[in-house]
Structure formats: C-alpha cells, structure tokens
1. Counting only protein heavy atoms, what percent of the accessible surface of segment 216-316 is carbon or sulfur at a 1.4 Å probe?
2. Among all the lysines, which ones have a C-alpha under 26 Å from K313's C-alpha, if same-chain residues fewer than 8 places away are not counted?
3. For segment 228-328, what is the accessible area per residue in Å² when the probe is 1.4 Å?
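The values are calculated or read from the model by the stated rules, or taken from the named source; none is laboratory data. Computed from a prediction, not measured in an experiment: that's the story for all the values here. SASA here: full protein model, heavy atoms, side chains in, ligands and nucleic acids out. Shrake-Rupley method; radii C 1.70, N 1.55, O 1.52, S 1.80 Å.
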Amino acid sequence: MPQWINEHLAFLPWWVAVGLVALVTITAAVLVHAAAFGLLRRFARSSESQSDNIVVRKLAQPSRWAMIILALVAVSSIFPVLHEIWDRIGGVVMPLFIGWMVLAILHALVEVAILRNDDSMADNRRARRRRTKLALFNRIATFIIVFVVIGLMLLAIPGVRDIGVTLVASAGLAGLAVGAAAQPALKSLIAGVQMALTEPVIVGDAVIIAGEWGWIEEIRTTYVVVKVWDERRLVVPTSKFLDETFQNWTKTTAQLMGTIMVYVDPVTRLDPIRTKFEELVESNARWDGRVKHMQVTELTRDAIEVRFLVTAKDSPTLYDLRCDIREALIQWLAVEMPEAIVRSRLAPVAPLDISGFPSGEALQQMAR
C-alpha cells in the first residue's frame with residue numbers, strides 16, 4: 001500500500017482500506033459529476049432551444065458511470081490489488097462503457113435532428129422523409145455499435161477468444177451454416193436499409209396494403225407498423241413493401257383528390273345540383289381550395305351517375321370532406337329535389353283480352 005495509507009489506515013485490514021478508498025473515490029466522482037451536470041442543466045434550461053436539454057439528458061447517466069470508471073482506474077494505479085482486478089475486467093468493461101457513450105451521443109443527435117424537422121405543418125412530406133431516414137439509420141447504427149461492442153467484449157475473454165480462433169479455422173462450413181440460418185434476418189435487415197435509401201414509404205404515408213387502408217405509423221429494420229383506420233395495427237414485413245405491389249396515396253405530396261358518387265333520376269335537372277355542390281364545398285373548412293368539379297360519368301336506363309371531385313390537404317381530411325359533402329347532398333336532394341331520387345317504374349299496360357280462349361269446362365273435356 002502507499003505510505004499515506006499505512007500511516008492513516010494501518011489499523012484496518014488491507015481489503016477494508018482498499019474498499020474504503022474505492023468508496024471515497026466513487027463518492028467524489030459522483031459529486032463532481034452531479035455538480036458539473038447541475039451547471040449544464042441550468043444552462044440548458046436557460047436556453048430557448050430544446051436541443052441542449054436533450055443532449056444533457058441523454059449524456060447524464062453514461063457520463064456518470066464513465067467518470068466513476070475513470071476515477072477507479074486512476075486509483076488502481078496506486079493499489080496493486082485494484083490494478084490486478086482492472087487488468088482482468090478492463091477489456092470487458094471499457095468497450096461496454098465506450099459503446100454506451102457512443103449510443104447516447106448518437107441517440108441525442110438523432111433526437112435533436114428529429115425535433116428540428118417539425119411535421120405539424122400542412123404539407124409535411126419533407127419533414128416526414130427526414131424523420132423516417134433518421135429513425136432507420138439510427139436503428140441500423142445502433143445495431144452495428146451493439147454488435148461491435150459485444151464482439152470486443154467477447155474477444156477480451158481468453159476462453160472465448162480461443163474458441164473464436166478455432167471457429168475462424170473452420171470458417172467455411174460455419175459461414176455456410178450461419179448464412180443459411182440467418183438468411184431471413186439478413187434479408188429483412190437489407191430490406192430495411194433499402195427502404196431507407198429508396199423510400200417507397202415514409203412515416204405518415206397513407207397506403208393500401210393487404211386489402212387494408214391506413215397510415216405508416218412506424219418503420220423498423222425488419223417490419224413496418226400500419227395504423228388501420230379503425231385503430232388496429234397491421235404489422236407487415238419490410239420485404240413486402242419491396243417485393244409486392246401496394247398503393248401509396250401520399251408518395252409525392254400529402255394533398256389528395258377524392259370522388260363522391262351520387263345517382264339521380266334520368267329526368268333530373270343537373271344545374272341546381274352543381275350549384276349546391278359548389279356552395280357546399282366552398283363553405284366546408286376541410287376543402288383546400290384546389291379542385292371542385294362535377295361530371296356525369298354514366299347514363300343508364302334507370303339512373304344518371306354523377307361524380308363529384310374534391311381535394312383536401314391529406315387523406316384523413318379528404319375522407320371527412322367526402323362524407324360531409326355526400327351527406328349534405330343527400331339531405332338537400334330529399335328536401336329540395338325529391339323528384340331526383342332514383343326510383344323503379346312500372347309502366348301500365350292494357351287489360352289482356354281472353355275472349356278467344358276456351359273456357360274451363362272446355363279445357364276439362366279436352367283433357368279427358
């Protein structure tokens with residue numbers, strides 16, 4: 001032990017003395033960390049940006065443990081016992097805490113970047129694209145960092161390292177076996193990277209897939225969560241968006257055009273309906289002011305098929321707008337133009353003359 005411990009802690013066993021010094025060192029490290037991050041939190045709260053708060057919050061816990069480890073490493077150079085313990089566990093502990101710190105920095109930067117891409121605006125496709133890319137690359141980078149850290153930790157264990165050298169010697173067969181077993185997982189992972197690069201869908205897109213209509217709620221490296229209109233969640237493998245056909249209603253912009261189909265009687269006057277339709281659309285706050293159009297798309301013996309075109313800023317708003325206009329038109333027709341409601345007609349005919357037909361008795365005699 002150092003001379004100053006022999007002078008002040010000579011009455012204690014050596015292991016108690018070492019433990020006491022380690023406890024004091026840890027306490028000092030925690031206090032220094034608390035004081036430093038207390039100042040950082042105060043500066044972050046005084047700032048108008050939320051980015052500072054996010055970075056400080058993400059780095060608080062890993063930096064606390066990193067400061068404790070550094071303090072113990074500094075003390076271990078004084079005590080041979082601690083130095084020997086550190087030599088045994090340092091190869092496992094250091095990659096763990098370095099990887100934790102790197103992940104904390106990565107997640108803080110990604111969260112700050114996502115915060116700066118506000119998707120609350122009306123046409124938010126650009127912000128949603130950036131958020132989707134950040135989320136996907138964050139998950140991929142996290143996977144790579146965790147994989148590397150675990151590898152370094154395992155290589156620091158002598159027994160595992162020896163086994164690894166043996167496996168490398170037979171890497172041909174092992175690689176084939178592992179490749180065959182991990183093919184689905186690797187395919188999904190590669191599909192996730194491809195989705196991040198090609199962007200067939202992004203978070204918030206309105207899609208129709210597997211016969212279901214909904215919004216892309218979350219994109220993972222192996223699967224995509226689709227929020228269906230009735231609040232169900234559809235979990236779809238990532239590869240399905242690359243190998244199969246699906247509909248993306250918001251591929252280029254969030255704005256959409258929808259149709260309203262109404263069937264009226266063939267003798268209906270159409271000009272009043274057109275005037276009322278334009279009045280209803282212009283007074284509805286969900287209309288985005290781009291398109292309002294009425295067309296006669298079909299004429300049959302029993303009805304006229306009238307199609308109304310309207311536009312809205314996004315798919316949920318468009319759906320509500322279509323329902324509003326359809327309901328208002330039906331009510332207006334029932335009150336103002338009931339003759340326009342489609343109906344079935346029976347044409348009257350003259351009575352059938354049966355005077356030339358034989359009577360019932362004559363038919364019976366003929367049957368005998």
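1. Details: 2730 of 5650 Å².
Ligands and nucleic acids excluded, carbon and sulfur give 48 percent.
2. Excluding near neighbours in sequence, the set is K133, K227, K251, K276, K292.
3. Details: 5770 Å² over 101 residues.
That works out to 57 Å² per residue.
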